[in-house]
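Scroll down for the structure; my scribbles are underneath it.
All of the numbers you see were taken from the coordinates with simple rules; none came from a lab. Quick caveat, the model's predicted, so the values are computed rather than measured. A quick note on method: Cβ atoms are made from the backbone with ideal geometry, for glycine too, and the neighbour counts reach across all protein chains shown.
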Amino acid sequence: MDYLDTLIQDADPAKHLAIPSVDPATTRRAYHRASAGEHRGRRYLVPATGALGAACAAAAVAVVAIPGGPTVAPPSAAAAVLDRAALAAADNPTITLGPDQYLYSDIHTLAGSYWQWGSPADSAYTIEAETVQTWVAANGADRRLTTYDGPQQFATPAGHEAWVKAMQAGEPSIAPQTNTPSGQYDSHDGPGGFAAPDDLSQLPTDPATLRQLIDTGKTGLNEVGFPEHAAITPAYTFATAAEILATPALNSSAALRTALYDVMADTPGIQLLGTASDHSGRSGTEIAGPVGGGIGSQTPYGANGVRDEVIIDPSTGDVLEINLVNADPSLNNAETQSIYGNTAGQTFTWTDYLTSGVVNSTSSTPGPDTTSGATATNGTTDTSS
Amino acid sequence: MSVGRQDRVARRERFEVLYAEHYASIYRYVDRRVAGPAYEVPDVVAEVFTAMWRRLDEVPDSGDARLWLYGMARHTLMNHRRGRRRRWRLLSRLTAEATITAQIEGAVEQGDTAVREAINRLPDPDREVLQLVAWEGCSHAEAAQVLDCSVNAVALRLHKAKARLREDPLVAARLQSSQVKPDRALDAQRK
């Protein structure tokens, strides 16, 4: 090599260039933006543009100096499953609701109920599988039909003993709530009687913005509980994103579904548990969120050792089931342990998301969906009309 | 899973593998050539990979993907420069000619910058060959693949580029100060 060659090598402007690192999350974002660019014209893979962006990138982006190149971590197996689900979910149709139409959904769930009819000792936490069918119109008119699968179970022996004692004493507040000959509970409300179906059209489709909205409790959605007095944890974020994906709602776009799966995939501590069947017999792939409490409305108070486990159908991107499992009993407080029990691996609740679709009356259900396997999903037809 | 979905999953996986494998190379390639401010580099890199997604079926397997991406980056940069060229062309030329005499005396101290500017003043085909070989580490055959020309054409352009550099007043000043006789080691190494 002569001196000219040395001069040329030394003149390389990229000789000491620091390049933003490429991690799995960056790569996923690159894919989403590149594929979005097919339809939306010019899109950027790196959000830091302009003078401010350059400054931010220089200050905040993890860099790997040359030589050596970027460090490419192998993608998380759980994240890869969620990415595939996001791709499949993008194909699902968007639900819209016309006048005189109802959004129908049914879930099969292990419902937990806390009963107290006297002193704290006069209490019990019961669990019972039930199927809840819901018809909701845009104006909030609704019908809810709950079918109890039974038998009712008690979380702790102490609770069972207290319940039996109360039944023998004729305690009226623990009588089973049924109002049909078949033992179901059927309720109807007029307009405004029930919350209108969630409209997801206003949620952001940028994963970072969406995550921020979730973590500040500002999604504005009916079904998302927010732990006002507890710290927001990755477990809450993961569970909430899964809950939004699973809950039938209006105007959920492909971009939003992808963003929700991105939020889940980018949550630290998620694990791939493998193939699993839900409590309704459907097979899917199970992903565990991090330990640390799930959604506020369904997590027992002080249950910091629980985690949400989500079963996904990777071929459709549908969330089949969400379980709330006692993963680390040592993190749960005494109140949780006494009321709910505290066995490692114990399932506090589970919910199977079965069918959803638009129907024309509160006595009809969507027809079978021939394109997505065993369950009817969004946008199916009304068999009554 | 339907065939369509399988295909999209496979395409996505291929995109991500290519992106992770070649992002740094393309970033460096663009950084070395971008006409505008440094903060435009990520934009151009993004455009390269967006173009790669659109033409994913054309990306060759194996190590040739890097060369294909160099070609794509080259075209993207040409488009990127096109909008700037009209307003910058005259300014660049005037700036170069006005300052070149004044820079000669300080060329030795200016070092890398002076040589870099001399490289930037090379005709585009010659400069691109020089950069591919010297900075991107391409062999003559690989450079020929990127530029869609013959290996002989690459060798000729490289020779012309280096000859022009030796004639450049700033570079000549650096070479004279070194008192090192040139040889053809780089040419031999790349062949």
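When A:ARG211, B:ARG74 are sorted by how many other C-beta atoms sit within 10 angstrom of their C-beta, beginning with the fewest, the order is B:ARG74, A:ARG211. Modelled spin-label separation between A:ARG144 and A:THR180, with each label point placed 7 Å from Cα along the Cα-to-Cβ direction: 1.5 nm.
In this simple spin-label model, placing a label point 7 Å from the Cα along the Cα-to-Cβ direction at both A:LYS15 and A:SER363 gives a separation of 8.5 nm. Per-residue mean of foreign Cβ neighbours for B:23-30 is 6 (Cβ atoms of other chains, 10 Å radius).
Need one value for B:127-139: mean number of C-beta atoms belonging to other chains within 10 Å of its residues' C-beta atoms. Can you show the working numbers first?
On the way: counts 0, 0, 0, 1, 2, 0, 2, 7, 7, 2, 0, 0, 0.
The shielding value for this peptide is 2.
If R0 is 25 Å, the Cβ-Cβ spacing of A:ALA25 and A:THR347 corresponds to a FRET efficiency of close to 0.25.
For the peptides A:182-189, A:213-220, A:80-87, B:158-165, what is the packing order when you average, over each peptide's residues, the other Cβ atoms within 10 Å and list the highest mean first? Intermediate values should be presented prior to the final figure.
Numbers: A:182-189: 13.2, A:213-220: 16.2, A:80-87: 24.5, B:158-165: 19.0.
So the order, starting with the most tightly packed, is A:80-87, B:158-165, A:213-220, A:182-189.
Full extension of the chain between A:ALA77 and A:THR96 gives 3.4 nm of extra length, using 0.36 nm per residue less the Cα-Cα distance. Residue ranges A:146-155, A:315-324 sort as A:315-324, A:146-155 when ordered by packing (mean number of other C-beta atoms within 10 Å per residue, highest first). Here the label points at B:LEU156 and A:ALA169, each 7 Å from Cα along the C-beta direction, are separated by 10.5 nm in the simple model.
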